[in-house]
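Novice: Below is the structure I would like to discuss, written out as structure tokens.
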Amino acid sequence: MADLFQLDNLGATDFNSGTGPGDPSSLKTGDLRRKYNFGDRVSELAIPQDPFFRFVSKVGKKPTDDPQFKWTEKRSSWHKRYGYVCAHGIAKPTAVTNEATIADGLVAEGDIYYFAFGADYKNKGNIQTVYGNTSTDVMVGTTDTQPKFYLPNQLVKIPYGAAAATFSSAGAISAIADYLVVKVVEVDLAAAGLGEYAVCKVKVIKGTSGAAIELAAYFGATSAIDAQDLSSMNIADVLEPKRSYVMGTAHDEGSGYPETWKDQPYSTNYGRTQIWKTSMAMTNTARATVLKYDSNEWSRVWKEKLVEHKWDIEQSLLFGSQSDANYTTQGIVDYVSTYGNAFDLNIATKTADDFLDDLSNYMDPRYNNSSANVYFVSTAVYNWMHKLGGYFKNNLEVSSNFRADFAMTGKKKVFGVDITTFSTPYGDMNVARNIHLDSTNIKMLGVNMKYAAYRPLVGNGVNRDTSVYVGVQTLENSGIDRRVDLILTEAGLELSMPECHAMWT
């Protein structure tokens, strides 16, 4: 093996930095930091080096016995039994149309009508579009989006507005007038020209009369429904009012066993482990020399290398990109930017109202109802949130009985990490400053810690989480031994449930 160590820098020499008051050239401490009547106190910078790594290693450590590990995600479908009206008429639709108007009298009680419903999520795994992210956008009517849950005798609620309303694909619907209730009579999942839609023949239970109506349907500017991007559409304001939900069933007495359906809620993915190595070396002369400040140079360097090692793991778990060829694991930033929610955060113009709109989309209970979120923020955003949360208390508070909807309510330490709690209408935000984000475009990471795990490689009695290799070498003809310690960590990061992770840039 080639000699990779440079012994000329393994001793205990120091240098004159030229910083601080006075002229350093006249008061040298010496190559071995001998005592020249200098002060006895040494300041040591203490910083929260690795908040994300601390959290995943403390609460989310899940050993794996394979360097390429897999995981399974499960997404329930009971709250996703909705469809967008993509075609309709008094006869079975044969093509998608962007006409959503229904003339007066066509949907009165007892009338027979046809609707074609499309969905915006995959029926294999129930994987849907996440707000603000186009990379995994699932468009209405594309492959594997056919809604297969429609059954005879189901009741379906279909919202509508006045006939003059315009329900564009990207616009908010602000004038829902009422809703139809229809009972499914027949379901056709193989209608000509509508391969990814479910065509339902229905009987109107609750209709309308006296005026034409405009269905609160999903229509694009053209008939190409599957070309519309949903990722930028607000869930509550834009998408929900366009959705027609199943609202139960209604069967005749003695009608017998009904039809049924079965969803496929599982999807799989894989990750891999990464090897981090941090080495140190020193001559025995340096190890045996008693020094000022830290008398044992070996112990001092060992402590620093441990911190350096954790610092490197934190950087990788944040910014790493998974590669099988290069044996690297995926970082949370790379994962969220690819699969998770994405929001804009310009602290110069962002208001508390704007930020709460973001939280409304991120914490929508239909997709993310967990309280296990930790928000890692840059220094600038950390200060911005404290200013925003403290403004009411410092300037407007008239009594302790009143508080703002966005307010700082307390501080605590979790695993040695400083956590600030902000109260919002969508629950408490646990915010941790992460200085690693200061040099990036990432201003805030919202991570659901239930779905983030540190995966050390453990198997056959071998633990690769943190192991130490100790070796001694003697250079030929020199009489100098050298000790080499290596910290070998082989672990990876598992991240799942993309709708439960968010990023503000």
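Since every read-out is calculated from the coordinates, none of them should be taken as a lab result. Model, not experiment: these values are computed from the prediction. Positions of Cβ are generated from backbone atoms using ideal geometry, with glycine treated the same way; all protein chains shown enter the neighbour counts.
Novice: If the reach is capped at under 17 angstrom between alpha carbons, list the lysines near LYS277, excluding any in the same chain fewer than eight residues apart.
Specialist: LYS303, LYS305, LYS310
Novice: Mind checking the full-extension length gain between ILE235 and ASN284? Use 0.36 nm per residue of separation minus the Cα-Cα distance, one decimal, nm.
Specialist: Values: separation 49, 0.36 × 49 = 17.64 nm, distance 6.57 nm.
Extending this stretch completely gives an extra 11.1 nm.
Novice: Along the three principal axes, how long is region 76-264 when you take its alpha carbons, biggest first, rounded to the nearest angstrom?
Specialist: The Cα atoms of region 76-264 stretch 49, 40, 30 Å along the principal axes, largest first.
Novice: What list of ³J(HN,Hα) values in whole Hz, one per residue of region 373-382 in order, does the Karplus curve 6.51 cos²θ - 1.76 cosθ + 1.60 (θ = phi - 60°) give from phi, with Gly and Pro shown as x?
Specialist: With the stated coefficients, region 373-382 comes to 8, 10, 9, 8, 10, 6, 4, 4, 6, 4 Hz.
Novice: Give me, ordered by chain and number, the residues 5 or more places off ALA407 or on other chains with an amide H under 5 Å from its own placed amide H.
Specialist: Close amide H contacts, sequence-distant or interchain: SER423.
Novice: ALA342's amide H: which non-local residues (gap 5+, or another chain) put their own amide H closer than 5 Å, with H modeled 1.01 Å from N in plane and none for Pro or chain starts?
Specialist: HN-HN under 5 Å from ALA342: GLY132, ASN133, MET503.
Novice: Taking H placed 1.01 Å from N in the peptide plane, check which residues at least 5 places from GLN146 or on another chain put their amide H under 5 Å from its amide H.
Specialist: Placed amide hydrogens put ASN123 under 5 Å from GLN146.
Novice: Simple spin-label model, 7 Å along Cα-to-Cβ: ALA190 to LYS74 in nm?
Specialist: Between ALA190 and LYS74, the label points sit 3.2 nm apart.
Novice: Could I have the simple spin-label model distance between ASP144 and ASN296, label points 7 Å from Cα toward Cβ, reported in nm to one decimal?
Specialist: Between ASP144 and ASN296, the simple spin-label model gives 5.7 nm.
Novice: Using a Förster distance of 30 angstrom, determine the FRET efficiency expected from the C-beta separation of ASN460 and LYS305, and round it to 0.05. Intermediate results must be reported in sequence, preceding the final value.
Specialist: On the way: r = 28 Å, r/R0 = 0.93.
The formula returns an efficiency of 0.60 here.
Novice: Also, I was wondering about something else. I need the phi-derived Karplus couplings for region 154-161: 6.51 cos²θ - 1.76 cosθ + 1.60, θ = phi - 60°, integer Hz, Gly and Pro marked x.
Specialist: Each residue of region 154-161 in turn: 7, 9, 10, 9, 10, x, 8, x Hz.
Novice: Past 24 Å, Cα to Cα, is the threshold; run LYS124/LYS183; LYS70/LYS450; LYS206/LYS242; LYS124/LYS203 against it and keep the listed order.
Specialist: On the way: LYS124/LYS183 26 Å; LYS70/LYS450 17 Å; LYS206/LYS242 18 Å; LYS124/LYS203 30 Å.
From LYS124/LYS183; LYS70/LYS450; LYS206/LYS242; LYS124/LYS203, over 24 Å: LYS124/LYS183; LYS124/LYS203.
Novice: Apply the Karplus parameterisation 6.51 cos²θ - 1.76 cosθ + 1.60, with θ equal to phi minus 60°, to every residue of region 275-281 and state each ³J(HN,Hα) to the nearest whole Hz, in sequence, with x for glycine and proline.
Specialist: These are the phi-based 3J(HN,Hα) values: 9, 9, 10, 10, 10, 8, 8 Hz.
Novice: If packing is taken as the mean number of other Cβ atoms within 10 Å per residue, what is the order of 67-79, 363-375, highest first? Before the final figure, lay out the partial values.
Specialist: Details: 67-79: 14.2, 363-375: 16.3.
Descending packing order for the listed peptides: 363-375, 67-79.
Novice: Region 246-288 to region 130-146: how many Å between their Cα centroids?
Specialist: Comparing the Cα centres of region 246-288 and region 130-146, I get a distance of 20 Å.
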